[in-house]
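Below is one structure, written out as structure tokens; comments come after it.
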Amino acid sequence: MKKPLFKGSAVAIITPFTEDGVDYTKLSELCAWHIKQNTAALIVAGTTGEASTMPDEEHLAVIRHVVVQANHQIPVIAGVGSNDTRHAIELSVEAERRGADGLLSVSPYYNKSSQQGLYLHFKAIADSVNIPIILYNVPSRTAININPETLARLSELPNINGVKECNIEQAAEVALSCGDQLNMYSGEDAMVLPLLSFGGIGVISVIANIVPDLTHKMVSAWLSGDTQTAIRTQIELIPLIKAMFCEVNPIPVKAAMNMMGLEVGSCRMPLCDPSPEHQSLIRSTLIQYGLIQN
């Protein structure tokens, strides 16, 4: 088996913004909190981190800041995807230079390349760096799926280390095709245990931004053989997960963090604040879980 970058619950960490840019003081606080909460890795500048709204200079500065804050205590995995292969390579090389332990590389969105195009895209990125890469398969956002046979071909490359799989329906086929050559992580908070049951070793989680302890508990329980605790925790988390995806991520989770007093700022346009109806749902759910007071 390829040595995994991490096992357990990693957080797809939000990026706290002010009107003037990134709130680096708050980002430092969040990194320190996650380390104390047994989060297994920090996934920075991904979808939840709103990397698509960041200019390259800011994007890379955020990656470097999190690397410094983590200080080798837990791995830092940098989101570096692009639908332009040359741009993805540039971001990947620069993230490695800034100390990232690994890369999260999303399939090229909008272009709708062939499976061969996907293979060549990721191979070109892998050939440009010397650190492990986790592929990110999220067809709902990219309009393209990385098929199991393509993942199998990619898993033959030494530094293609894992996949964040959001197409849970193909998880069993991915496990069959790739065996121990590709570490599999759930990209869906509501479907962590189904993917772990097919041999997955963790989750890259949105809800870990607000309940890192429970997300860690669920995954570590499964991996240690305590399936009943894991199942119970997954089921108990479902209402919270539904609330955190009542609008497109990361709108609800950022709203929730602000309600919890974490003061992480709003999402950047074109994302906007949740509707009044959804704000009410988020608030009542946080009260239900004891995360804020009534």
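For segment 2-78, the list of GluC sites (Glu not before Pro) that fall in a loop by DSSP and count at most 14 other C-beta atoms within 10 angstrom reads Glu19.
For segment 220-264, applying the loop criterion from DSSP together with a ceiling of 14 other beta carbons within 10 Å to the GluC sites (Glu not before Pro) yields Glu263. Take the Cα of Glu90, step 7 Å toward its Cβ, do the same at Ser114, and the gap between the two points is 2.8 nm. Which log10 I(q)/I(0) values, to two decimals, does segment 8-224 give at q = 0.12 Å⁻¹ under the Debye formula with one point per Cα? Values returned for q = 0.12 Å⁻¹ are -0.57.
Of the trypsin sites (Lys or Arg not before Pro) found in segment 188-294, no site is in coil according to DSSP while having at most 11 other Cβ atoms within 10 Å of its Cβ.
What separates the Cα centres of segment 1-32 and segment 252-275 is a distance of 16 Å. For segment 117-231, a Kirkwood hydrodynamic radius built from all Cα pairs, placed in the Stokes-Einstein relation at 4 °C and 1.567 mPa s, yields a translational diffusion coefficient of 89 µm²/s.
Dividing the convex hull volume of the alpha carbon atoms of segment 35-159 by its residue count gives 109 Å³ per residue.
Values in this text are rule-based calculations from the coordinates and carry no lab data. In this text, all values refer to a predicted model and were calculated from it rather than measured experimentally. Glycine also receives a Cβ, built like all others from the backbone with ideal geometry; neighbour counts cover every protein chain displayed.
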